[in-house]
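Worksheet: one structure, shown below.
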Amino acid sequence: MRVAVVGVGQTKFDEHWEKSLRDLSTEAGAIALRDSGIDGKDIQSLYIGNMSAGRFIGQEHLAALAVDQAGLIPIPATRCEAACASSALAFREAYFSILSGEYDIVMAAGAEKMTDLKGTDAIATLMGAGDQEWESAIGLTFAGLYALIARDHMQKYGTTREQMAMVSVNNHRNGVLNPLAQFPAEITVEKVLKSPLISDPLRLLDCSPITDGAAAVILVSEKIAKRFENPIWILGSGQASDTLALHHRKSMTELVATKVAAKKAYEQAGLKPKNIDLAEVHDCFSINEIIAIEDLGFCDKGKGGKFVEDGKIARDGEKPINPTGGLKSIGHPVGATGVRQIADVVKQLRGEYGNLQVKDARFGLALNIGGSGATSVVNIFGRDKPK
Amino acid sequence: MRMPHKSSVPLFWRLKDSKYRLIGSRCTTCKEVFFPKKNLCPVCRRRGSIEDMQFNGNGRIVSYTIVRVPPEGFEKYAPYAVAVIDLEEGARVSGQVVGNITKVRTGKQVRTVFRKIHEDGSDGLINYGLKWEIAE
């Protein structure tokens, strides 16, 4: 059994003061349905990723609300949570629900409404993804956790402040052309290095923003996929876990969960890192893109900074990374990001991404990470139907 | 204001052994040490045998940061230093390092001190616990 993605949708990622979470999830789902040509009444089940609507807006029981708002009652609706990797989990559950033979047409979505809380409350809410008793309790933040990782990477491998800045510069350069990006503006290395310190050595322009938004994709069985002109196939899917607290890991400069998830996805796809034509990776903080490049096998451990500096990650480079802007420029509504990344990989593989198109893209990869790496999900997609 | 994470007395009380007395665990099967206390050895699982272990509160900084944009509840302490610390006995922990934040460096020896951690609003609990100071 093979499963394909035949519809994708994303709201603009932004500070949507005039829209609620329910508005955003319905909008993304409707765009995905229109994109696929499938009628809403043919959707058999919904899986939705969301990190923390309970704390961001006080709303739990979100999956039922989403089908209610979308006029899809009474189909089953399931919410998945793994912090910032929530919607990649929703995608995998949707995938498995088709593989199991139970359904043929399923929607996977992700949504988050973050700007209803003031900044310090949003930071505390995001820290719900860390270890409450031993990280959040001492005043750590996610910028703080990734700062600890960044410093260790600099100490161990000589990764420079400038190389981290170049990640943000590349993603913003790509995002300029993305009409759905929250911050489609070019920045310079100098601008990153002069932006305010958030948690040394990380500065404001190393950090992905606080964002509202939603994304949705439609998955179908092989049988249904035959009706579509340009289905994009799921070739491999891996997910792995690690310690919730960063300090409980033997190494802070690699995310073992990413390595394990990637190995599984590559094996299933029968592909090697060199075969991947583009990757959407989880640049919640600039250092995390450097670590992702290493953990996905695009270069040796410790060489990620140099890989970025050499321009290999540009859209027309050797290994285009975040060619649509990444979390940094597009925005990071935490529970929506995983499915947004998948939607972007699908658009690239269809070859219909206009100004954002990576040339001759056959194989694409999406890496979605929860917390400081306690959850990692890697999905690999292809243009041609696998054997 | 919504305070969904307003802390309770039991939340801190049940962590008293680790948070106030530096008690961790050792597995007598694989000899691995853990901080804080665990009730299951993740290496040996059912073959493991966990017992309490007293840590001495000495450690060494392996990475650090200065938190300048704090979460709700920590505003009045910022900027503050947070480090990942290798404990002398073998486990690792995160902790705030008190004193002059410009003196915090990787490789510095640190030891525990008892300090106020956080006040939960004007009518909430005042939480105390361990922080770290440079010992050299």
Under Karplus coefficients 6.51, -1.76 and 1.60, residue-wise ³J(HN,Hα) of the stretch A:6-17 in Hz, glycine/proline x: 10, x, 9, x, 9, 6, 4, 8, 6, 8, 8, 5
Per residue, the convex hull volume that the Cα atoms of the stretch A:110-253 enclose (Å³): 177
Kirkwood-based shape ratio for chain B, expressed as Rg/Rh from alpha carbons: 1.01
Helical contribution to [θ] at 222 nm, DSSP H n ≥ 4, -39,500 (n - 2.57), averaged over the protein assembly as shown, rounded to 500: -8500 deg cm²/dmol
Eligible lysines near A:Lys118 by straight Cα distance, threshold 22 Å, same-chain separation 8 or greater: A:Lys12, A:Lys19, A:Lys328, B:Lys6, B:Lys76
Rg/Rh (Cα only; Kirkwood hydrodynamic radius) as it applies to the stretch A:173-240: 1.17
Cα convex hull of the stretch A:267-355, projected area averaged across orientations, nm²: 6.2
Ranked A:Leu21, A:Leu271, criterion: other C-beta atoms within 10 Å, fewest first: A:Leu271, A:Leu21
At most 10 other Cβ within 10 Å, DSSP loop - GluC sites (Glu not before Pro), the stretch A:225-269: A:Glu229
Relative contact order of the stretch B:57-136, pairs being alpha-carbon contacts under 8 Å that are 6 or more residues apart, as %: 30
Order of B:Leu130, B:Leu15 under a 10 Å beta carbon neighbour criterion, fewest first: B:Leu15, B:Leu130
Label-point separation in nm, B:Lys103 to B:Asn127, each point 7 Å along Cα→Cβ: 2.7
Karplus (6.51, -1.76, 1.60) ³J(HN,Hα), θ = phi - 60°, over the stretch B:49-59, in Hz, Gly and Pro reported as x: 9, 9, 9, 5, 9, 7, 8, 8, x, 10, x
Amide H contacts of A:Gly236 (H built 1.01 Å from N, under 5 Å, at least 5 apart or other chain): A:Ile380
Distance violations [Cα-Cα > 21 Å] among A:Lys156/A:Lys306; A:Lys156/A:Lys250; A:Lys191/A:Lys274; A:Lys306/B:Lys103: A:Lys191/A:Lys274; A:Lys306/B:Lys103
Whole-percent pair-distance distribution, where bins are 5 Å wide, for the alpha carbons of the stretch B:57-136: 3, 16, 26, 24, 16, 9, 4, 1
Loop chymotrypsin sites (Phe, Trp or Tyr not before Pro), the stretch A:6-95 (other Cβ atoms within 10 Å of the site Cβ: 16 or fewer; DSSP): A:Trp17
Viscosity 1.567 mPa s, 4 °C: Kirkwood-radius Stokes-Einstein D of chain A over Cα pairs, µm²/s: 64
Cα-based reach from A:Lys194 at 16 Å (exclusive), listing aspartates and glutamates while leaving out same-chain residues under 8 positions away: A:Glu162, A:Glu186, A:Asp206
Long-range HN-HN contacts of A:Cys84 with modeled amide H, under 5 Å: A:Gly371
Amide H within-cut-off set for A:Leu117, under 5 Å, with H built and near neighbours excluded: none
Kyte-Doolittle at least -0.5, axis length at least 18 Å by Cα - qualifying DSSP helices, chain A: A:21-36, A:86-99, A:142-157, A:256-269, A:337-350
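Bear in mind these aren't lab numbers, they're just calculated from the coordinates by the rules spelled out. Quantities reported herein were computed from a predicted structural model and do not represent experimental measurements. When we count neighbours, we look across all protein chains shown, and the Cβ atoms used for this are built from the backbone with ideal geometry, even at glycine.
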